[in-house]
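The values are calculated or read from the model by the stated rules, or taken from the named source; none is laboratory data. Bear in mind that the values here come from a model prediction, so they are computed numbers and not experimental data. Here the Cβ positions follow ideal geometry from the backbone for every residue, glycine too, while neighbour counts run over all protein chains shown.
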Amino acid sequence: MTTPDTPAPADFIRAIVAQDLRTNKHGGRVHTRFPPEPNGYLHIGHAKSMCLNFGIANEHEGGLCNLRFDDTNPSTEDVEYVEAVKSDVRWLGFDWGDRLFYASDYFEQLYQYAVQLIKKGKAYVDSLSAEEIRDYRGTLTKPGKESPYRTRSVEDNLDLFQRMRTGEFEDGAHVLRAKINMASPNINLRDPTLYRIRRVAHHRTGDKWCIYPTYDYAHPLSDSIEGITHSLCTLEFEDHRPLYDWVLDETEVECHPQQIEFARLNLSHTMMSKRKLLELVEQGHVTGWDDPRLPTLMGLRRRGYTPAAIRNFCDHIGVAKRDAVVEMALLEHFIREDLNRRAPRVMAVLRPLRVVIDNYPEAQVEKLEAVNNPEDPTMGTRKVPFSRVVYIEQEDFREDPPSKFFRLAPGREVRLRYAYIIKCVGVVKDERTGEVVELHCTYDPETRSGSSQAGRKVKSTVHWVSAAHALQAEVRLYDSLLLQANPSETPEDQDYRASLNPNSLQTLTACRVEPSLASAAPGSRYQFERLGYFCVDAVDSSPHVLVFNRTVPLRDTWAKIEKAQQGR
RNA sequence: UGGGGGAUCGUCUAGUGGUAGGACUCCAGACUCUGGAUCUGGGUACCUAGGUUCGAAUCCUAGUCCCCCAGCCA
């Protein structure tokens, strides 16, 4: 190996890992894990965690990252979620190899460790009710009281715990608690619960168990069992770390991973909390967990986001300890960057305005050559049919053009992309509404794209589709889910719906797209020239009814100019 | 008012005693058969107040503000 010119560690966690490697803290190993709970779907916040955990593992020779389901609470978990999570992790591009684990794999070991703790006098069976335990815990400022059951003998504890396991007691009758310190200023250390009775079937262990370990107990031991070196989690677990360490110290396991906390991802204009997401889905504010407006991985995928764009985003937002809200604009930057490079260009008209080219031969059809991707010549060209009647975008015509508006207007010229320069010679309006319903234009036969006279300059180029050849399509335009940028400013009560953007979805059903899209595969992504990036909706699109989702619009300079003009 | 964390451009994020850097956003311009892309240029930041030092975002002192914790959730 050549001498690496050690680049500065990208973040404080990588710095710690590098330091640990230097000091040989874990015998030169780097082993992380991604530990989702199978009680919901993954979102982009999880993507950050995956990029961190899998990323760090991949950056080191021999580094590993496990996928482990933290399935210690059967009442909220389900196989449906584990399958969805696996598919999302794979889709994002991460590979856990043969290291797919479940905390439930360790239930027997965890139980034995608990017996050990009891024998050491470090755990006891408490028979207080949940409510009493809460009362005994004290408050943030007042120390707790010890439970009367705290002094039970080891024999009694062993007996009771064993009988808890065999199902002798009802839910809540007893609980196994760590014996730490009821007066600790850290509430997590006031004899935290290790096991609770839950007489429900577990999605993996079935009816084998009726006691289940808590996160605080199962997580450190699961990490240890798997030989994890760095256990990365979010900030809210910071004051659980003493407990994490306590469990590993008292069980005297050989591997003691280091828990390191980082700030979870918050994205502007959207929400990341499982609870709120669930509410949106259940109350029908969105169509499901894969609604393209949601920051779920399923939603982003359906929206047209690529795994690479999401990974790039996660790699660029950084990892730190301060609460932060990353702007949606940054995510959009990365999807534009990726799709600009890869997406074939195509012409589509969202709000069609009929244009008759008066001097173009009635029956003539030309096949004009169009470049598939100017960023990538290897993507080749295609033929686009052109004829006497075309549709252009309504917003590309103004009867009374404001300054800086370069598009079509009465008497003005514009180029039809890959076709001819046309001039607007007539405007047909609806008599009743005054709405412009049709344009009459003439074309200059000398200006066909690629021809010798094609060099004539016009202010603007406009996309179009041939009326006779275009395909009908539905296009769904998405906008941000929340009105305000900072999701933490949305009210906690049910009135948070007031902050939902009522225009987060706009469905256009009269769109016309070029005929080459007839064979577009579900999920495939395109740039609709001058409009944005769109993908074929994988759920609702069919050969008969094409449905496109707008992933992200193109940057729109004219929109900014116009907005500035109006602001004046 | 217990404990644990955190404060650097508009937004993220580097910088660990020596010119506060990058990305995104924004602004201006060039180029353009996408008002896209690309290119060029520009602006804006060290929570406050003291102190140490030739020199402080960094060290010290005192404040201020923000986040998390009282599940048998994770």
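Taken as a whole, region A:228-235 holds at least one residue that is modelled with pLDDT of 95 or more, over 16 Å from residue A:103 (Cβ atoms) and within 11 Å of RNA strand B (Cβ to nearest atom).
Condition test on residue A:267, is it more than 27 Å from residue A:240 (Cα to Cα) and under 11 Å from the mean Cα position of the chain (by Cα)? It is false that residue A:267 is more than 27 Å from residue A:240 (Cα to Cα) and under 11 Å from the mean Cα position of the chain (by Cα).
Selection of region A:254-310 for residues being of a type in the set (Ser, Thr, Tyr) and in contact with a Phe, Trp or Tyr (Cβ under 6 Å, 6 or more places away or on another chain) yields only A:296. Checking each residue of region A:439-452 against the condition of being at pLDDT 95 or above and closer than 30 Å to residue A:541 by Cβ gives no match.
Just give me the residues in region A:267-286 being surrounded by fewer than 17 Cβ atoms within 10 Å (Cβ to Cβ) and either touching a helix residue (DSSP H, G or I) at 6+ places or on another chain (Cβ under 6 Å) or part of a loop (DSSP other than H, G, I, E, B) (or both), in sequence order. Within region A:267-286, A:273, A:283, A:284, A:285 qualify.
Matching residues to (1) basic (Lys, Arg); (2) within 19 Å of residue A:309 (Cα to Cα); (3) in contact with a Pro (Cβ under 8 Å, 6 or more places away or on another chain):
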{"position": "A:532", "(1), (2), (3)": "no, yes, yes"}
{"position": "A:543", "(1), (2), (3)": "no, no, no"}
{"position": "A:558", "(1), (2), (3)": "no, no, no"}
{"position": "A:563", "(1), (2), (3)": "yes, no, no"}
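The single condition among (1) within 9 Å of RNA strand B (Cβ to nearest atom); (2) outside any strand (DSSP E or B); (3) in the same structural domain as residue A:418 (by TED's automatic domain parsing) that residue A:330 does not meet is (3). Can you pull out the residues in region A:184-211 that are surrounded by fewer than 17 Cβ atoms within 10 Å (Cβ to Cβ), over 18 Å from residue A:240 (Cβ atoms) and of a type in the set (A, V, I, L, M, F, W, C)? Of everything in region A:184-211, those that are surrounded by fewer than 17 Cβ atoms within 10 Å (Cβ to Cβ), over 18 Å from residue A:240 (Cβ atoms) and of a type in the set (A, V, I, L, M, F, W, C) turn out to be A:200, A:201. Annotation note: of A:166, A:151, A:139, the sole residue that is within 16 Å of RNA strand B (Cβ to nearest atom) and either surrounded by 12 or more Cβ atoms within 10 Å (Cβ to Cβ) or modelled with pLDDT of 95 or more (or both) is A:139.
May I ask you to verify whether residue A:188 is in a loop (DSSP other than H, G, I, E, B), more than 18 Å from residue A:104 (Cα to Cα) and within 13 Å of RNA strand B (Cβ to nearest atom)?
no
No other residue among A:287, A:270 is β-branched (Val, Ile, Thr) and out of contact with any Pro (no Cβ under 6 Å at 6 or more places or on another chain) apart from A:287. Among strands (runs of 3 or more DSSP E) entirely within region A:406-461, having at least 2 residues that are of a type outside the set (Gly, Ala, Ser) and without any contact (Cβ under 8 Å) to a residue 40 or more places away in the chain singles out A:421-429.
Those strands (runs of 3 or more DSSP E) of region A:333-390 in which 2 or more residues are in contact with an Asp or Glu (Cβ under 7 Å, 6 or more places away or on another chain) occupy A:352-357, A:381-386.
Okay, residues lined up against (1) more than 16 Å from RNA strand B (Cβ to nearest atom); (2) more than 22 Å from residue A:275 (Cα to Cα); (3) in the same structural domain as residue A:197 (by TED's automatic domain parsing); (4) touching a helix residue (DSSP H, G or I) at 6+ places or on another chain (Cβ under 6 Å):
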site: A:18; (1), (2), (3), (4): no, yes, yes, no
site: A:48; (1), (2), (3), (4): no, no, yes, yes
site: A:57; (1), (2), (3), (4): yes, yes, yes, no
site: A:61; (1), (2), (3), (4): yes, yes, yes, no
site: A:81; (1), (2), (3), (4): no, no, yes, no
site: A:105; (1), (2), (3), (4): no, yes, yes, no
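When region A:409-437 is examined, which residues are found to be more than 9 Å from RNA strand B (Cβ to nearest atom) and either touching a helix residue (DSSP H, G or I) at 6+ places or on another chain (Cβ under 6 Å) or on the phi > 0 side of the Ramachandran plot (or both)? If the condition is that a residue be more than 9 Å from RNA strand B (Cβ to nearest atom) and either touching a helix residue (DSSP H, G or I) at 6+ places or on another chain (Cβ under 6 Å) or on the phi > 0 side of the Ramachandran plot (or both), then A:411, A:434 are the ones that fit. Among the residues of region A:172-185, those that are closer than 17 Å to residue A:134 by Cβ and within 6 Å of RNA strand B (Cβ to nearest atom) comprise A:172, A:175. In region A:308-325, which residue that is part of a loop (DSSP other than H, G, I, E, B) and basic (Lys, Arg) is surrounded by the most Cβ atoms within 10 Å (Cβ to Cβ)? The extreme case among them is A:321. Filtered by the rule that a residue be hydrophobic (A, V, I, L, M, F, W, C) and within 13 Å of RNA strand B (Cβ to nearest atom), region A:107-132 gives A:107, A:110, A:125, A:128, A:130. Out of everything in region A:2-55 that is among the charged types (D, E, K, R) and closer than 22 Å to residue A:255 by Cβ, what residue ends up being modelled with the lowest pLDDT? It comes out as A:22. Counting only strands (runs of 3 or more DSSP E) that fall entirely inside region A:504-551 and contain at least 3 residues that are away from RNA strand B (no atom under 16 Å from the Cβ), the qualifying elements are A:505-513. Evaluation of residue A:464 against the conditions (1) more than 11 Å from RNA strand B (Cβ to nearest atom); (2) in contact (Cβ under 8 Å) with a residue 12 or more places away in the chain shows that the sole unmet condition is (1).
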